[in-house]
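Student: Before I ask anything, here is the structure I am working with.
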Amino acid sequence: MAAEEDKGLTEALALAEPLYDFARYLTKSSAEAEDLLQETFVRALGAYDRFEPGSNMKAWLFRILRNTFLDQRRRDKKRGGTSELAEDMANDDELLRDDVEIDFLKHVVAEDIERALMGLPEESRLVVLLDFEGFDEEEIADLAGCARGTVKSRLSRARARLRASLAEYVR
Amino acid sequence: MTTLDHARAKELVHENLRGRLSSHEAGELEAHLASCETCRHFDSVERATDDVLARRPKHAPSRELIAKLKTRAGEPPRASRRRAALLYAGIACSLAAAAGVSLVVRSARDHGDPRFQDEAVNDHLRILYSEHPLDIASGGVHQVRPWFEGKVDFAPMDIFEGDDELPMQGGAVAVFMDRKAAAFVYKRRLHVVSLFVMRKEGLPWPRSAQCDGCTFVGTARGFTTVTWSEGELGYVLVSDVDKNELTAISAKMIR
């Protein structure tokens with residue numbers, strides 16, 4: 001393997017943990033997340049000659065993982081598998097009020113946080129996780145395949161919905 | 001009230017949490033928040049939401065999966081479990097080697113003293129959840145390090161001053177088991193990284209971190225610790241960033 005590829009592989013492997021965590025939350029299944037990560041690495045290694053040295057390896061790998069996930073979803077759909085319902089947050093305005101309570105958030109446990117995250121629609125879960133991973137609006141728009149303005153509104157609604165779900169759990 | 005309107009202030013609140021504001025924008029936002037209760041509450045809501053997300057369960061790939069990923073890239077197939085573990089450790093070493101640091105990652109038999117790992121994580125959590133985690137906010141290492149004079153019975157020398165990717169936030173006096181420690185706090189994106197420096201004599205220091213430049217990498221309750229020593233002083237780095245990332249960070253700090 002060429003030295004440059006070797007270096008790329010080392011860098012990619014250092015990102016295996018956040019990639020797997022992201023895959024696990026996307027797929028909601030450890031087995032599917034493992035498959036997704038392996039397929040991502042296979043694709044990344046196959047396309048490594050198209051990766052520009054010095055550009056953002058993390059964004060590149062997250063994009064490959066996201067595209068791989070979408071391809072798998074499409075295949076599953078053709079086979080008659082189920083997929084999550086399209087996002088419907090039209091009635092979430094109530095969640096965006098300014099006077100939302102937050103004290104309860106200090107007491108929520110990890111298990112409930114995961115349940116609330118997994119309960120978000122797929123596209124909402126995606127933007128929340130990518131934002132928290134440190135990607136900016138432009139990068140998230142690119143990764144999610146939507147407009148920057150959509151990222152902004154989707155993110156604020158998704159975070160509001162997450163808080164609302166957690167509020168229900170602690171009641 | 002400042003010139004910033006509420007809508008713009010709310011946009012800046014989120015960007016501020018991600019560390020993306022210029023000093024001018026951060027100043028404008030700070031002034032607005034000081035005079036606007038609604039936006040101040042919004043800021044608290046956003047911070048509390050980030051705290052929640054930071055506490056979510058983190059899922060790590062198994063060592064077997066990491067070994068498989070390596071295998072796909074041309075490593076010998078059918079790596080044994082032990083070989084897989086070594087490969088995984090090798091990734092961390094190669095990152096550190098790139099920074100010119102010699103590391104010894106823990107052997108399979110050296111799990112360290114669990115009380116030691118627990119104490120490191122507890123001290124880190126005290127910093128995370130304290131209302132006033134820092135005794136001195138950072139104006140840089142040259143301001144923070146002298147502040148410890150008279151507060152701890154050693155001089156924490158050659159402390160990593162931070163950089164753009166890992167800015168120093170400040171320092172505090174911590175208690176590590178039976179003694180005082182100097183805590184230096186850094187930020188890696190949204191993650192807090194704590195470095196505890198103390199006299200190591202008499203502490204159950206991990207075997208593989210006894211020699212100068214050797215490190216012990218451990219995990220406890222979802223946090224990673226990297227431990228090393230230099231002369232009489234011991235260093236423990238703690239964070240919830242992933243193991244490889246923390247190992248790479250430690251490589252910046254070890255002389």
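The values are calculated or read from the model by the stated rules, or taken from the named source; none is laboratory data. A quick note: this is a predicted structure, and the numbers were derived from the prediction, not measured. Counting neighbours? That spans all protein chains shown, and the Cβs are built from the backbone with ideal geometry, glycine included. Calculation scope for accessible area: heavy atoms of the full protein, side chains included, ligands and nucleic acids excluded. Shrake-Rupley method; radii C 1.70, N 1.55, O 1.52, S 1.80 Å.
Student: Pairs to check: A:LYS106/B:LYS200; B:LYS10/B:LYS151; A:LYS28/B:LYS243; A:LYS152/B:LYS187. Give those whose C-alpha atoms are more than 31 Å from each other in this structure.
Tutor: Details: A:LYS106/B:LYS200 35 Å; B:LYS10/B:LYS151 40 Å; A:LYS28/B:LYS243 23 Å; A:LYS152/B:LYS187 25 Å.
From A:LYS106/B:LYS200; B:LYS10/B:LYS151; A:LYS28/B:LYS243; A:LYS152/B:LYS187, over 31 Å: A:LYS106/B:LYS200; B:LYS10/B:LYS151.
Student: Given a 1.4 Å probe and heavy atoms of the protein chains only, how would you sort A:LYS106, B:LYS243, A:LYS28, largest accessible area at the top?
Tutor: Values: A:LYS106 150, B:LYS243 40, A:LYS28 90 Å².
In descending accessible area the options line up as A:LYS106, A:LYS28, B:LYS243.
Student: A follow-up question, please. What does the charge count around A:GLU34 come to, taking other residues whose C-beta lies under 11 Å from its C-beta (Lys +1, Arg +1, Asp -1, Glu -1)?
Tutor: Charge balance in the 11 Å sphere: -2.
Student: Rounded to the nearest 0.05, what FRET efficiency do B:LYS252 and B:ARG207 have when you use their Cβ-Cβ distance and R0 = 30 Å? Don't jump to the answer; show the numbers that get you there.
Tutor: Details: r = 24 Å, r/R0 = 0.81.
It comes to 0.80.
Student: Okay, moving on. Using only protein heavy atoms and a 1.4 angstrom probe, determine the accessible area buried between A and B, summed over both sides, in Å² to the nearest 100.
Tutor: Summing both chains' loss of accessible area gives about 3900 Å².
Student: Can you give the accessible area per residue of region A:3-78, in Å², using a 1.4 Å probe?
Tutor: Value returned for region A:3-78: 46 Å² of accessible area per residue.
Student: I'd like the accessible area for B:GLU37: 1.4 Å probe, protein heavy atoms, all chains in place, Å² to the nearest 10.
Tutor: 140 Å²
Student: Measure off, as a whole percent, the carbon and sulfur share of the 1.4 Å-probe accessible area of region A:3-78, all protein chains present. Spell out each step's value before the answer.
Tutor: Working: 1590 of 3530 Å².
Carbon and sulfur atoms account for 45 percent of the accessible area of region A:3-78.
Student: Rank by packing, highest mean first: peptides A:151-162, A:49-60, with packing defined as the count of other Cβ atoms within 10 Å averaged across residues.
Tutor: A:151-162, A:49-60
Student: Across region B:147-154, in residue order, what do the Karplus-derived ³J(HN,Hα) couplings come to in whole Hz, using 6.51 cos²θ - 1.76 cosθ + 1.60 with θ = phi - 60° and x for Gly and Pro?
Tutor: Running phi through 6.51 cos²θ - 1.76 cosθ + 1.60 with θ = phi - 60° gives 4, 6, 4, x, 9, 10, 8, 7 Hz.
Student: Subtracting the Cα-Cα distance from 0.36 nm times the residue separation, let me have the gained length for A:VAL109 to A:SER55 in nm, one decimal.
Tutor: Contour length minus Cα-Cα distance gives 15.7 nm.
Student: Residue by residue through region B:241-255, what is 3J(HN,Hα) from phi via Karplus (6.51 cos²θ - 1.76 cosθ + 1.60, θ = phi - 60°)? Round to whole Hz and write x for glycine and proline.
Tutor: Result, rounded to whole Hz: 5, 5, 4, 5, 5, 5, 5, 5, 5, 4, 4, 6, 9, 7, 5.
Student: I would also like to ask the following. Counting only protein heavy atoms, probe 1.4 Å: which residues of region A:111-125 lose 30 Å² or more of accessible surface in the full assembly compared with their chain by itself?
Tutor: A:ILE113, A:GLU114
Student: Please give the residues from region A:148-171 for which the solvent-accessible area of heavy atoms, probe 1.4 Å, is smaller by at least 40 Å² with all protein chains in place than with the chain isolated.
Tutor: Buried by 40 Å² or more upon assembly, which counts only protein chains, are A:ARG159, A:ARG163.
Student: Under the classification rounded if a/c is under 1.5, otherwise prolate if a/b is larger than b/c and oblate if not, where does region B:101-253 fall, given a ≥ b ≥ c as square roots of the Cα gyration tensor eigenvalues?
Tutor: On the way: a/c = 1.44, a/b = 1.28, b/c = 1.12.
It comes out rounded by the Cα gyration axes.
Student: While we're here: So which trypsin sites (Lys or Arg not before Pro) in region B:12-48 end up in coil per DSSP with only 14 or fewer other C-beta atoms within 10 Å?
Tutor: The qualifying sites are B:ARG20.
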